[in-house]
Amino acid sequence: MTIAVGFRCLDGVVISTDSQYTLDIAKGRGQKIFPILTNGHYALTIGGAGASDQIKWTVAEIERSLAKEIGARRTTSEEIREVVEAVLQRSYAAHVDTAPEDERVWLEYGLLIGVWTAHERTVLFKSARTIVTEVAYPNHVGLGIGSYLTDFVLAALFDKSWKLYVDEAASVSAYIVTAAKDHVEGCGGDTFVRILDDEGHDVRVGPDEVNNAVEYYKGLFMWTSSMRKFLSRGFNTADIDMVPFANILRDQVVKFRELQDRQRSLSDQRIAEHGKKPIT
């Protein structure tokens, strides 16, 4: 069932996935995050974990249903949630629940749905079979076989009550998904991260930004873990000098920020060239 991670942030929604599809012993790679770009009134970014064909069919059906039932008019996240839930009910009734019992495990799937509306800005929903609920507290959620790593990593880095900005969430979610690929059977392929910001823009985080984030967090854990020597009884606490560690961490933060700022400026340029502004 692989992994999908979602964050409801102060300034948008972040969704991250791997790209491995698994069916019994067969494995492949493909898209697992799908944007439904803004028409000025609403936009969605949808990520999934589970049966790839079901996810693709459901996303296409959600887009068709939104165009038919809402079209180019003002709407609410609740109305969109109802449309998505109705599509899930049709999907499970037609493709999952009618299958032989021993095949259903390969047809199950879950979705993370980032929704933007011109009035409410961004909201994050998750699905459990045919039920769609809002992600409120804690403000992150994981789906799939590797999702337990989400809580493990975040507990080591953040207080559960903290709400992140999209840049923070994009970086840590890239690390979580990559860690799942390294340590959880069934997760693999590339790491994909998308942001649905409070202006209704869907932004794909580039592979260089993903790699920068992963290397930053690997370095962070490596240097902090090296301080474990201070716990040894053979180490005199009077000799503890934190300055070298502080300098290393500072240099890593500066380097990471410079790299991400360079990549983000390219993303901002793409938005300026191709993004659609909301209708007010």
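The values are calculated or read from the model by the stated rules, or taken from the named source; none is laboratory data. The model shown is predicted, which means the values in this text are computed figures rather than measured ones. Virtual Cβ from ideal backbone geometry, glycine too; neighbours counted across all protein chains shown.
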Residue 35: passes all of (1) buried (at least 17 other Cβ atoms within 10 Å of the Cβ); (2) under 20 Å from residue 96 (Cβ atoms); (3) within 19 Å of the chain's Cα centre (by Cα) but (2)
Any chance you could count how many residues in the range 154-163 are within 24 Å of residue 261 (Cα to Cα) and surrounded by fewer than 20 Cβ atoms within 10 Å (Cβ to Cβ)?
-> 4
Working carefully through the options 149, 107, 111, 88, find the one that is touching a residue at least 40 places away in the same chain (Cβ under 8 Å) and touching a His at 6+ places or on another chain (Cβ under 7 Å).
-> 107
Screening 75, 58 for residues that are touching a His at 6+ places or on another chain (Cβ under 7 Å), of a type outside the set (Asp, Glu) and in contact (Cβ under 8 Å) with a residue 12 or more places away in the chain leaves only 75
Could you tell me whether any residue of the range 104-115 is over 25 Å from residue 63 (Cβ atoms) and surrounded by fewer than 20 Cβ atoms within 10 Å (Cβ to Cβ)?
-> yes
Scanning the range 164-191 residue by residue, the ones that are surrounded by fewer than 20 Cβ atoms within 10 Å (Cβ to Cβ) and touching a Phe, Trp or Tyr at 6+ places or on another chain (Cβ under 9 Å) total 3
If you take just the strands (runs of 3 or more DSSP E) that sit entirely in the range 89-139, which of them hold at least 3 residues that are modelled with pLDDT of 95 or more and outside the structural domain of residue 55 (by TED's automatic domain parsing)?
-> none
Of the residues that make up the range 199-213, is at least one touching a residue at least 60 places away in the same chain (Cβ under 8 Å), of a type in the set (Asp, Glu) and in contact with a strand residue (DSSP E or B) (Cβ under 7 Å, 6 or more places away or on another chain)?
-> yes
Assuming residue 161 fulfils every condition listed in (1) assigned to a loop (DSSP other than H, G, I, E, B); (2) in contact with a strand residue (DSSP E or B) (Cβ under 9 Å, 6 or more places away or on another chain); (3) polar (S, T, N, Q) apart from one, which condition is it?
-> (2)
